[in-house]
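For reference, the structure discussed in these notes is given below.
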Amino acid sequence: MTLASHTDDTVRRGDLVDQSFIDQAHHVVAAIALIRNKEKAEKGARQLVVDGVICCWDCRDEISEVRLKAKPHATLCLDCKERRDPKI
């Protein structure tokens, strides 16, 4: 192995590692964008108000004051939200 070929191999390995980090960074940025878009969509969703009370779009029950303090733009009660997204 010559010095030139050794240097070329090292550069290529470095390029692959660098590319791997760049790819991971792109995936992280894309995931963050998806989360932000979901949050914007939720904030933009209209709340169901019946007789001045904010109600859940799924079950039509009143959304608790505690939930609204934690998530002022909530459109679902906690039970319905957990049914839709059991990860929370």
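Every number here is computed from the coordinates shown, using simple stated rules; none is lab data. Note that the structure is predicted; figures quoted are calculated from it, not measured. Please note: Cβ atoms are built from the backbone with ideal geometry, for glycine as well, and neighbour counts cover all protein chains shown.
Which peptide among 54-67, 24-37 comes first, and what is the full order, when sorted by highest mean count of other Cβ atoms within 10 Å?
The densest-packed peptide leads the list: 54-67, 24-37.
Would you list, by chain and number, the aspartates and glutamates whose Cα falls below 14 Å from the Cα of LYS38, excluding same-chain residues fewer than 8 positions away?
By straight Cα distance, LYS38 reaches ASP85.
At 7 Å along Cα-to-Cβ for each site, give me the label-to-label distance between PHE21 and GLU82 in nm.
4.3 nm
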